[in-house]
């Protein structure tokens with residue numbers, strides 16, 4: 001019998017909302033036996049469109065992204081094995097997350113919404129755009145468990 005979700009993708013960054021998203025995804029994967037994947041998106045400047053990126057900048061992005069994914073993996077694996085980590089470069093986070101979700105055929109994308117907004121409905125521009133763009137289900141984890 002197949003359960004939903006079979007494959008979960010979590011968007012990770014250095015925010016508190018991201019940590020909450022990992023916690024939520026790990027809990028979900030533990031209860032359903034789903035496969036867990038982590039993705040981090042490094043932003044590339046629109047000014048470089050069509051031009052090669054300087055080698056030093058690429059190395060810094062690769063090192064930062066790799067280290068963030070390594071730390072996120074160690075954190076997540078305290079509760080559930082991580083099947084894969086994915087580092088992407090893009091000008092828009094929402095598009096990159098949707099693309100990876102589609103590539104992995106992930107049933108669910110879990111993302112964090114942080115910030116100190118007193119408006120419980122305000123998710124932020126990137127989270128809202130990701131929800132609209134995603135080809136499949138998206139679960140939003142609010143920082144600190146709010147909402």
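The values are calculated or read from the model by the stated rules, or taken from the named source; none is laboratory data. Computed from a predicted structure; not experimentally measured. When we count neighbours, we look across all protein chains shown, and the Cβ atoms used for this are built from the backbone with ideal geometry, even at glycine.
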*For the subset of the stretch 130-147 comprising residues that are within 16 Å of residue 12 (Cα to Cα) and assigned to a helix (DSSP H, G or I), which member is modelled with the lowest pLDDT?*
144
_Just the residues that are modelled with pLDDT of 95 or more and surrounded by 22 or more Cβ atoms within 10 Å (Cβ to Cβ), please, taken from the stretch 6-19._
8, 9, 10, 11, 12
*Has the stretch 105-121 got any residue that is farther than 15 Å from residue 40 by Cα, at pLDDT 95 or above and outside any loop (DSSP other than H, G, I, E, B)?*
yes
*Members of the stretch 100-114 found to be closer than 14 Å to residue 35 by Cα and either more than 14 Å from the chain's Cα centre (by Cα) or surrounded by fewer than 17 Cβ atoms within 10 Å (Cβ to Cβ) (or both), listed by number*: 105
*Of all residues in the stretch 70-99, which are surrounded by fewer than 19 Cβ atoms within 10 Å (Cβ to Cβ) and assigned to a helix (DSSP H, G or I)?*
70, 71, 73, 74, 75, 95, 99
*asked:* Condition check: part of a loop (DSSP other than H, G, I, E, B) and loosely packed, with under 12 Cβ neighbours inside 10 Å. Does residue 63 satisfy that?
replied: no
